[in-house]
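Novice: Provided herewith is a single structure, encoded as structure tokens, for subsequent inquiry.
The values are calculated or read from the model by the stated rules, or taken from the named source; none is laboratory data. Since we're looking at a predicted model, the values are computed, not measured. Every residue, glycine among them, receives a Cβ derived from its backbone with ideal geometry; neighbour counts consider all protein chains shown. Just the protein is used for accessible areas: all its heavy atoms, side chains included, with ligands, DNA and RNA removed. Shrake-Rupley method; radii C 1.70, N 1.55, O 1.52, S 1.80 Å.
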Amino acid sequence: LDFFSFADDVIGSKSEGGRCQYVTAINTFAEYLGKREIDINDITKPLLVGFLRWMDGKAFSFQLGRVSPSKRPRIPNGAESRHMAKLAHIYNKAKEMYNDEDGGLILIPRSPFSTIKLKHPVSRGQKPLDVATMQRVIDARHPLETVQTSLDLFVLSFALWGANLADLYEAGELGEVWVYHRKKVRDRRPDGAELKVRVPECVKSRLPTLERLHKMAGKARYATSKVNKGLARWCEDEGIPVFTFYAARHSYATLARNKAKLEKATVDEALGHVGEFRITDIYAERDWEQVAEANRRVLALFRWP
């Protein structure tokens with residue numbers, strides 16, 4: 001069984017949003033091998049260990065789906081682990097399809113991925129920003145439009161209760177209240193992960209940034225890469241540790257709890273983390289104005305232009 005041919009079938013069954021990392025993993029594996037074919041039973045632990053060593057220090061482009069030379073810091077970290085996880089998923093799918101343990105038919109006997117120990121490094125780009133650094137982001141003005149767009153989106157995410165980039169990409173035109181269903185968990189919650197976010201006055205001047213996001217990233221799956229590159233450029237220019245877009249959400253949660261002294265339940269509600277859904281959660285109407293008032297306490301930690 002050719003591993004790459006089987007991988008193409010598996011990847012083709014994934015949703016459009018889920019294919020990107022699989023494509024990058026399989027293309028990276030092909031680049032390491034120097035060919036795009038290998039019998040699945042020729043994939044061994046020594047081969048995979050060599051693949052891991054070869055990946056060390058390289059940058060990966062999820063937009064191009066391959067290894068991409070880069071002088072910039074790699075963000076996010078842990079690409080090797082994600083690549084191996086995707087390859088292992090494909091490998092195990094083949095075992096499920098072609099092995100019949102009850103019937104004694106074992107066409108793929110090895111489990112080379114099961115004994116590989118992977119390091120899962122702490123992300124260098126998602127550490128929450130302190131008040132002073134967040135203020136620098138709010139005040140920042142950069143001559144490059146892509147960099148300024150990235151900064152404005154970061155500020156919008158922070159001010160809109162730590163909104164994810166995927167949801168901002170879908171947002172369209174925002175009114176006084178932005179009603180949306182959080183993309184990451186909308187299919188897993190009985191309320192569709194609905195949030196009703198009151199748009200603060202202090203960030204309304206940045207709303208046109210949402211249009212620039214679509215110009216900068218023609219497809220949603222490219223948005224994170226584009227925005228993170230802009231943020232990395234600003235961090236390098238400012239001489240501060242590189243952070244990613246997701247740090248806006250981490251920063252909001254941390255500052256809301258530790259500086260604005262909000263209750264954990266209120267922060268969870270603002271972030272869309274309420275997920276256990278007891279009977280009360282299902283039937284009780286949420287007081288979004290209470291969350292909006294809590295958000296004003298967070299934003300009051302900063303000076304706004």
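Novice: Could you grab me the full set of residues in region 1-29 that are at pLDDT 90 or above, over 16 Å from L48 (Cα atoms) and of a type outside the set (A, V, I, L, M)?
Specialist: Answer for region 1-29, where residues must be at pLDDT 90 or above, over 16 Å from L48 (Cα atoms) and of a type outside the set (A, V, I, L, M): D2, S5, F6, D8, D9.
Novice: Assuming K229 fulfils every condition listed in (1) open to solvent by less than 10 Å² (accessible area, probe 1.4 Å); (2) modelled with pLDDT of 90 or more apart from one, which condition is it?
Specialist: The single condition K229 does not satisfy is (1).
Novice: Restricted to region 106-125, and to residues that are buried (at least 17 other Cβ atoms within 10 Å of the Cβ) and outside any helix (DSSP H, G or I), which residue is modelled with the lowest pLDDT?
Specialist: G125
Novice: Could you check how many residues of region 34-57 are surrounded by fewer than 16 Cβ atoms within 10 Å (Cβ to Cβ), modelled with pLDDT of 90 or more and either in a helix (DSSP H, G or I) or among the small types (G, A, S) (or both)?
Specialist: 8
Novice: Still on this structure, I have one more. Given the residues A248, A217, which is the only one that is closer than 18 Å to L153 by Cβ, open to solvent by less than 70 Å² (accessible area, probe 1.4 Å), modelled with pLDDT under 95 and among the hydrophobic types (A, V, I, L, M, F, W, C)?
Specialist: Matching residue, one of A248, A217: A217.
Novice: Quick check: anything in region 145-156 within 23 Å of E289 (Cβ to Cβ) and buried (at least 16 other Cβ atoms within 10 Å of the Cβ)?
Specialist: yes
Novice: Could you grab me the full set of residues in region 126-142 that are of a type outside the set (A, V, I, L, M, F, W, C) and modelled with pLDDT of 95 or more?
Specialist: Matches in region 126-142: D130, T133, Q135, R136, D139, R141, H142.
Novice: A follow-up question, please. Any chance you could count how many residues in region 167-194 are under 26 Å from K215 (Cα atoms), surrounded by 14 or more Cβ atoms within 10 Å (Cβ to Cβ) and touching a residue at least 24 places away in the same chain (Cβ under 8 Å)?
Specialist: Of the residues in region 167-194, 5 are under 26 Å from K215 (Cα atoms), surrounded by 14 or more Cβ atoms within 10 Å (Cβ to Cβ) and touching a residue at least 24 places away in the same chain (Cβ under 8 Å).
Novice: Listed residues T266, T280, T254; which is loosely packed, with under 14 Cβ neighbours inside 10 Å and either assigned to a helix (DSSP H, G or I) or modelled with pLDDT under 85 (or both)?
Specialist: T280
Novice: Kindly provide the set of residues from region 206-228 that are of a type in the set (G, A, S) and without any contact (Cβ under 8 Å) to a residue 12 or more places away in the chain, ordered by number.
Specialist: G218
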